[in-house]
Amino acid sequence: MTTKIVAVTACITGIAHTFMAEANLKKIAKKRGIEIKVETQGGMGIQNKITPSEVAEADVVILAIDTSIDGRDRFEGKPTLKIGTSPVVKEPEKVFDEALDLIK
Amino acid sequence: MNGVIIKENLLNLEANTKESVIRKLAKELSVEGIVENSEEFVKAVISREEEITTGVGNGIAVPHGKSVEVKESTVIFAKLKHPVDWNSIDNKLVDMVFLLAISGSDKGDNHLEILAGLAGRLMDEEFVESIRKTNDINKIMEIIITK
């Protein structure tokens with residue numbers, strides 16, 4: 001069974017780190033054969049919104065956020081890694097390792 | 001105007017420190033009418049830089065600032081004549097800088113998409129190399145705005 005991850009990225013300025021983190025999450029997921037959906041909450045609003053059924057199917061949630069986000073309660077009850085966008089830009093492999101560790 | 005500024009005089013920019021690079025690019029933005037008061041804008045950029053470095057590796061820096069001084073969201077690009085220390089996450093010197101000026105108004109503007117698309121692709125080494133290899137303004141513009 002392929003591992004499934006849902007993630008949200010949101011930085012303060014809403015452009016640079018939000019989208020750099022998104023790009024890195026997708027890059028590493030592709031490299032590891034992991035399915036990922038990344039929602040961005042940035043300067044252009046919410047894009048690629050994660051649905052309740054996508055949350056239900058996910059094995060773990062990554063919240064790469066430097067600020068509060070819309071709809072955080074969608075992820076309640078799911079193993080969740082909450083970190084800033086910077087670690088995702090800087091060391092995305094390590095972030096993935098940490099997230100995968102949460103899957104029991 | 002499509003939100004991307006690339007000028008001949010910025011493809012060989014002389015500057016010794018990251019603050020100097022930021023100031024010079026902010027000044028160009030002021031000359032282009034993008035930023036009203038470049039001092040305020042510079043403060044916003046430097047303050048963001050102090051929170052966390054925008055030297056994201058691969059010789060690139062993405063300094064950025066959101067300010068009411070910014071008339072419309074714009075990215076201004078520079079190649080540095082001499083690589084500069086940017087406290088990068090991979091400890092390498094920076095030779096290409098993309099300064100993002102983000103408009104303070106809550107309404108999104110069309111240029112944000114270009115800036116966002118650019119930010120994402122900066123994580124891709126091939127994308128970065130394709131810009132590093134050429135000094136042709138039109139080519140660089142094409143690379144930056146094409147999805």
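The values are calculated or read from the model by the stated rules, or taken from the named source; none is laboratory data. Everything quoted here is computed from the prediction, not taken from an experiment. Cβ atoms come from the backbone with ideal geometry, glycine included; neighbour counts cover every protein chain shown.
Which one is nearest to the chain's Cα centre (by Cα) among residues in region A:66-79 that are away from every other protein chain (no Cβ under 14 Å) and buried (at least 18 other Cβ atoms within 10 Å of the Cβ)?
A:Phe75
Out of the residues in region B:37-66 that are of a type in the set (Asp, Glu) and within 14 Å of chain A (Cβ to nearest Cβ), state the one that is surrounded by the fewest Cβ atoms within 10 Å (Cβ to Cβ).
Looking at the filtered set, the residue picked out is B:Glu50.
For region A:81-96, does any single residue satisfy the condition of being within 17 Å of A:Thr3 (Cα to Cα) and more than 12 Å from the chain's Cα centre (by Cα)?
Within region A:81-96, one or more residues are within 17 Å of A:Thr3 (Cα to Cα) and more than 12 Å from the chain's Cα centre (by Cα).
Residues in region B:138-146: is at least one modelled with pLDDT under 90 and out of contact with any Asp or Glu (no Cβ under 7 Å at 6 or more places or on another chain)?
Looking for residues that are modelled with pLDDT under 90 and out of contact with any Asp or Glu (no Cβ under 7 Å at 6 or more places or on another chain), one finds at least one in region B:138-146, hence yes.
Please state which of the following conditions B:Glu69 fails to meet, knowing it meets all the rest: (1) farther than 23 Å from B:Ala15 by Cα; (2) touching a helix residue (DSSP H, G or I) at 6+ places or on another chain (Cβ under 8 Å); (3) surrounded by fewer than 20 Cβ atoms within 10 Å (Cβ to Cβ); (4) more than 14 Å from chain A (Cβ to nearest Cβ).
(3)
Criterion first (modelled with pLDDT of 95 or more, away from chain B (no Cβ under 13 Å) and over 17 Å from B:Asp124 (Cβ atoms)) does A:Ile50 satisfy it?
Here the answer is yes, as A:Ile50 does meet what is asked.
Among what's in region A:15-37 and is more than 7 Å from every other protein chain (Cβ to nearest Cβ) and touching a residue at least 40 places away in the same chain (Cβ under 8 Å), pick the residue that is nearest to B:Met123 (Cα to Cα).
Here the answer is A:Ala21.
Take the conditions among the basic types (Lys, Arg), modelled with pLDDT under 95 and out of contact with any Pro (no Cβ under 9 Å at 6 or more places or on another chain) and apply them to B:Lys7. Does it pass?
No: the conditions fail for B:Lys7.
Among the residues of region B:121-130, count how many are surrounded by 12 or more Cβ atoms within 10 Å (Cβ to Cβ) and either within 14 Å of chain A (Cβ to nearest Cβ) or touching a Phe, Trp or Tyr at 6+ places or on another chain (Cβ under 8 Å) (or both).
Here the count works out to 6.
Is at least one residue of region A:77-88 among the polar types (S, T, N, Q), part of a helix (DSSP H, G or I) and either over 27 Å from B:His64 (Cβ atoms) or touching a residue at least 60 places away in the same chain (Cβ under 8 Å) (or both)?
The answer is yes; a qualifying residue exists.
Across region A:1-14, what is the number of residues that are within 22 Å of B:Gly65 (Cβ to Cβ), touching a residue at least 60 places away in the same chain (Cβ under 8 Å) and of a type outside the set (A, V, I, L, M)?
Within region A:1-14, residues that are within 22 Å of B:Gly65 (Cβ to Cβ), touching a residue at least 60 places away in the same chain (Cβ under 8 Å) and of a type outside the set (A, V, I, L, M) number 2.
For region A:1-12, indicate whether the set of residues that are away from every other protein chain (no Cβ under 14 Å), of a type outside the set (S, T, N, Q), in a loop (DSSP other than H, G, I, E, B) and over 25 Å from B:Glu125 (Cα atoms) is non-empty.
Checking region A:1-12: at least one residue is away from every other protein chain (no Cβ under 14 Å), of a type outside the set (S, T, N, Q), in a loop (DSSP other than H, G, I, E, B) and over 25 Å from B:Glu125 (Cα atoms).
Would you point out the residue of region B:21-36, among those that are in contact (Cβ under 8 Å) with a residue 24 or more places away in the chain and either of a type in the set (S, T, N, Q) or not in a helix (DSSP H, G or I) (or both), that is surrounded by the most Cβ atoms within 10 Å (Cβ to Cβ)?
My answer is B:Val35.
Can you name the condition, by its number, that A:Met20 falls short on among (1) in contact with a strand residue (DSSP E or B) (Cβ under 6 Å, 6 or more places away or on another chain); (2) within 30 Å of B:Phe41 (Cα to Cα); (3) not charged (D, E, K, R)?
Against the list (1) in contact with a strand residue (DSSP E or B) (Cβ under 6 Å, 6 or more places away or on another chain); (2) within 30 Å of B:Phe41 (Cα to Cα); (3) not charged (D, E, K, R), A:Met20 comes up short only on (1).
If you go through region A:89-104 one residue at a time, how many are in contact (Cβ under 8 Å) with a residue 40 or more places away in the chain, within 14 Å of another protein chain (Cβ to nearest Cβ) and assigned to a loop (DSSP other than H, G, I, E, B)?
Of the residues in region A:89-104, 0 are in contact (Cβ under 8 Å) with a residue 40 or more places away in the chain, within 14 Å of another protein chain (Cβ to nearest Cβ) and assigned to a loop (DSSP other than H, G, I, E, B).
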